[in-house]
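Right, one structure below, let's go through it.
The values are calculated or read from the model by the stated rules, or taken from the named source; none is laboratory data. Please read these numbers as outputs of a predicted model, since none were measured by experiment. Quick reminder, even Gly has a Cβ in these numbers, built from the backbone with ideal geometry, and neighbours come from all protein chains shown. Note: areas computed on protein heavy atoms with side chains; ligands, DNA, RNA excluded. Shrake-Rupley method; radii C 1.70, N 1.55, O 1.52, S 1.80 Å.
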Amino acid sequence: MSITFETGCFHLKTAHTSYVFELADGKYPVHLYWGPSVRAVHDTMITRLTRFTEESFSLHEQSLDSLPLECPAFGGSDLRPGMLHLIHSNGTHALDLVYESHKIIPGKPEIPGMPSASGEGAETLIVTLRDQPSKLSVELFYTIWPDLDVLARRIRIHNSGDLPVFVEQAMSVSVDFEAADMDLLTLSGAWAREREPFRRPLYPGIQGVSTERGASSLQTSPFMVLLSRDATETSGEAYGFALCYSGSFAATVNVDQFGMARASMGINPFNFRWKLTSGSSFDTPDAYLLYSSQGLGEMSRRYHAFIHKRITRGLFANKCRPILINNWEATYFDFNEDKLLSLAACAADVGIDLFVLDDGWFGKRNSDHCSLGDWVDDLNKLPHGLRHLSDAIHGLGLKFGLWVEPEMISPDSDLYRAHPDWCIHVEGRERLECRNQLVLDLTRKEVRDYIVAAITDALTRGNVDYVKWDMNRNISMWGADLPADQQQELGHRYILGLYEIMTRITGQFPNVLFESCASGGGRFDLGILCLMPQTWCSDDTDAWMRCRIESSTSLLFPPSAMGAHVSAVPNHQTGRLTPLATRAAVAMCGTYGYELDLQKLTAEELDMIREMNKRVHEWQPTLFYGDFYRLKNPYESNEAAWMSVSSDRREAIVTHVYAQAFPHQKPKLLRLTGLDPALDYQDTETGLVYGGDELMQRGYPLRAAWNDYMSQQIHLLAR
Ligand code: DGJ
């Protein structure tokens, strides 16, 4: 048993970590410890806290305000921001959740309507608390995967009373750290520069990140890390929190009067209120907690392993992915069948596996002004229909992929003309468009059924092997087909609706590879990743920007989850010129593909692409499923570097990029990591042999950069 309950104490033990909490006074779950594993919980751990408890009880007349609580709720004697806030039908806010029972079960119960990690090899503790007067119960779910060192937390609120209760706030997790001398790392960004890392010391009060946009968003990510002040990439303590959710979220840390830090994460309580009717339950999404004693690098590698083993599923889990070409930046909306087929023929000739037809194939869509919702072939562009094009592309030996944006509706569409009430809107108010489109109301069953039927039909008609599922605007003018006292359920109900349609559609096409996208990486989160194994990282395909974006995205996500393409120069987002070899090397840190008109390349460039494609097929098992190490941080220096090492440590692939070239520089040494010091490694390009210890202690001698954005890929094989 990895979860034990002895002398009033729960001990959740994984290979390298322990998470411990007790029942103070037999009533309140109080946090004791989270960190490197301890053999057993001795009385001393409890006694120290009990003393504190007694002191604070006497000082503050039984107040919980000074205790590290596992389930802090507003309305009791803990007066700090907590994880729960409920309003009873008489308008009062009181809540006193007291331990009732617990059970420990093998596996992991599924969360109704929400994706979550698979329960293989897991063990779950469920602690039930009850607020006696209201007959409300709260179940605290703790799941551990002992071999993967991950702890999942979530809660379920159940109303056994006769009257409805309003849930104003229900976070998935709250952890109280005894001392706040830590840093907080979060990711923030924007379109084309997603997920920039920001690290700062904790200070008294509330800090963190959140989004109110109805999607996990371009602007921030449902992920945060608390770090010891001395923590680096390779050393120090890192406590990761990652939410398995795709809607509005909040991830905050509150430092209180005693210098304790309360970290919590979950659905954003802003613009959220759930009517919990008598007999019903509300479930929060999972949050995945992970502790590393060896800095951010070790934390990332453990998250990557967890994602590979428990999040990604289906045919493409733990598999290499086809090399694709997407026509978006090659043609935008300006294409016809001939143009697509000549691009596809060129792609087949250079060893690409999959041709993806992006936006513009349906309705009358010659720009982004119309047709979303009308998933019928545009016979002006494709006179013989989608199936004919798909057959022709298959005939070239390529697989065929298709872009869709199922959640949206254009006001200029047959769907809108037939169902003007199907979009999110407020009666009597102007419907504010964004990218000339409105958002479908996924709380409505008929809307979900329409989407499933229309998209199923298009994918069947197109005989597709791959789908790019896009989403290009956030919700505004919040109004749904719901009663007045449930309007604030829209955000969460939208996400439940989204998960339902994604589950139904992906379930019907188990052999199809799905990639999610939201104006780039605007909904890159673990929730979607449970349903679709890869996500388009960013619309910014500039190689240097991608060094940054992919490097910080890798804090949580493995290369196998990150969509990355080689595009044209000058780059369409930054105007920057970077060498083709660098664009390819950087895209290899993700699910490799192209997004340019190959026909405009020289014969020499096409030869290089052929070579790169061979490389991708050969190296991808290690690039995707090896251990990933960040070596140089492009946010802090003129260089970016990372490497992947196969699990047997016999193969390593290193990528190094210089931003600006500085003339007359001495070649540098790049210290590698993760190799076997006892092995010799041969550089497959130069034939030179290096000791593993030498490469890690002295370093690999890099070429000097004589042009901006030069890169080097080093392939090492043990001899
Ligand atoms: C936004 C995506 O991120 C792009 O890759 C492209 O598919 C466009 N939408 C198409 O409208």
Computed FRET efficiency, Cβ-Cβ of residue 485 and residue 635, R0 35 Å: what is it to the nearest 0.05?
-> 0.15
Carbon/sulfur accessible area of region 549-703, % of total, 1.4 Å probe, equals 49 percent
Given H placed on each backbone N at 1.01 Å, which residues far from residue 325 in sequence or on other chains put an amide H within less than 5 Å of it?
-> 354, 355, 356, 594
Toy charge model, Lys and Arg Cβ at +1, Asp and Glu Cβ at -1: region 345-477 dipole around Cα centroid in debye, rounded to 20, equals 60 debye
Within straight-line cross-link reach of residue 666, aspartates and glutamates at Cα separation under 17 Å, skipping those fewer than 8 residues along the same chain = 639, 708
Which part of region 315-348 falls in the paramagnetic zone of residue 388, meaning amide N under 14 Å from the point 7 Å along Cα-to-beta-carbon?
-> 336-341
Gained length - residue 431 relative to residue 126, 0.36 nm times residue gap less alpha-carbon distance | 105.3 nm
Residues of region 610-636 with backbone N under 20 Å of the label point set 7 Å from the Cα of residue 684 along Cα→Cβ are 610-629
Going by average Cβ neighbours within 10 Å, how do the peptides 416-427, 205-216, 672-683 rank, with the highest at the top?
-> 205-216, 672-683, 416-427
Asserting the computed 222 nm helical MRE of the chain (DSSP H runs at least 4 long, -39500 (n - 2.57) per run, divided by residue count, to nearest 500) equals -6500 deg cm²/dmol
Any idea which of 134, 227, 99 is furthest toward the positive side of the dipole for region 3-311, if Lys and Arg beta-carbons carry +1 and Asp and Glu beta-carbons -1?
-> 227
Could you check the simple spin-label distance between residue 332 and residue 79, using points 7 Å along Cα→Cβ, in nm with one decimal?
-> 5.9 nm
What is the magnitude of the charge dipole of the chain about its Cα centre, with +1 placed on the Cβ of each Lys and Arg, -1 on the Cβ of each Asp and Glu, and no other charges, expressed in debye to the nearest 20?
-> 700 debye
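With every protein chain left in place, what is the accessible area per residue of region 3-311 in square angstrom, probe 1.4 Å?
35 Å²
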If you take the square roots of the eigenvalues of the alpha-carbon gyration tensor of the chain and sort them as a ≥ b ≥ c, do you get rounded (a/c under 1.5), prolate (a/b over b/c) or oblate?
-> oblate
If r is the Cβ-Cβ distance from residue 27 to residue 671 and R0 is 45 Å, what FRET efficiency results, to the nearest 0.05?
-> 0.25
Extension gain, residue 15 back to residue 1 (0.36 nm per residue minus Cα-Cα distance, nm) | 3.8 nm
Mind checking which of 665, 688, 700 is farthest towards the positive end of region 639-718's charge dipole, using Cβ charges of +1 (Lys, Arg) and -1 (Asp, Glu) about the Cα centre?
-> 665
